[in-house]
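First up is the structure itself, then whatever we jot down about it.
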């Protein structure tokens, strides 16, 4: 995650076809073509951390509400939607550019179970059967902690969240903080290329 932090706050859609560009990538066992644009996270392709997350996590629940927190152009949300077509996938981001790209990509792939929305558009009563996220660590520790405090307690009982975080960006301290501050058991389930995959569990 080497882009400057302002890529999280470009808040206008990539309106012109010339501004959007096609990207050929591999998601959920499929070769797919999606659109990306500047002003979002990792516009040039699937970033290393997200690729590790998608390689390491178990299959998502087949139904229920699934959350991609910080969707960008949509690689996690699209993967969830393809793997669990009966589930509702909430792709959450703070910028309209990211949400617009995720909507366009879901439509192009025939995925009508993706809801790309801002955080306050997710019904507050919705419990999540799973949360997958490459969280925006570079927005700073207080903001990341607020994200975790807002969303992780919304896991349904018995459900898991899977997060990918760079070791040098505080993965181990975040693991301890979630366990100690939120009371949600958290363990490292994988470590690859400088990244940790953390599983956060909501007890039954």
Task: Angstrom value of the Kirkwood radius, inverse mean 1/r, which spans all Cα pairs in the stretch 151-204 - done: 11.1 Å
- [ ] Post the alpha-carbon centroid distance, the stretch 90-144 to the stretch 174-204, in whole angstrom.
- [x] 21 Å
Task: Helical mean residue ellipticity (222 nm; -39500 (n - 2.57) per DSSP H run of 4+; nearest 500) of the chain - done: -8000 deg cm²/dmol
Open item on the list: Please compute the contact order of the chain in relative form: average sequence separation of alpha-carbon pairs under 8 Å and at least six residues apart, divided by the residue count, as a percent.
Closed with: 18 percent
- [ ] State, to one decimal in nm, how far the label point of residue 63 lies from the label point of residue 204, with both points 7 Å from Cα in the Cβ direction.
- [x] 1.8 nm
Open item on the list: Highest mean first, how do 133-146, 159-172, 79-92, 23-36 rank when packing is the count of other Cβ atoms within 10 Å averaged over residues?
Closed with: 79-92, 159-172, 133-146, 23-36
Open item on the list: Run the simple label-point estimate for residue 172 and residue 94 please: 7 Å along Cα→C-beta, distance reported in nm.
Closed with: 2.9 nm
Open item on the list: Can you tell me the orientation of helix 171-182 relative to the chain, as the angle in degrees between its alpha-carbon axis and the longest Cα principal axis, to the nearest 10?
Closed with: 60 degrees
Open item on the list: Show me the three semi-axes of the equivalent ellipsoid for the stretch 47-155, from the C-alpha gyration tensor (sqrt of 5 times each eigenvalue), largest first, rounded to whole Å.
Closed with: 19, 15, 15
Open item on the list: If I model a spin label as a point 7 Å beyond the Cα along the Cα-Cβ vector, how far apart are those points for residue 56 and residue 26 in nm?
Closed with: 1.9 nm
- [ ] Only bridges with both residues in the chain count here: give the DSSP antiparallel percent, nearest 5.
- [x] 55 percent
Open item on the list: Output needed for the chain: three equivalent-ellipsoid semi-axes, defined as square roots of 5 times the C-alpha gyration tensor eigenvalues, in descending order, whole Å.
Closed with: 25, 19, 16
Task: Square roots of 5 times each gyration tensor eigenvalue, C-alpha, the stretch 98-192, largest first, Å - done: 25, 16, 14
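Every number here is computed from the coordinates shown, using simple stated rules; none is lab data. Keep in mind it's a predicted model, so treat the numbers as computed, not measured. Please note: Cβ atoms are built from the backbone with ideal geometry, for glycine as well, and neighbour counts cover all protein chains shown.
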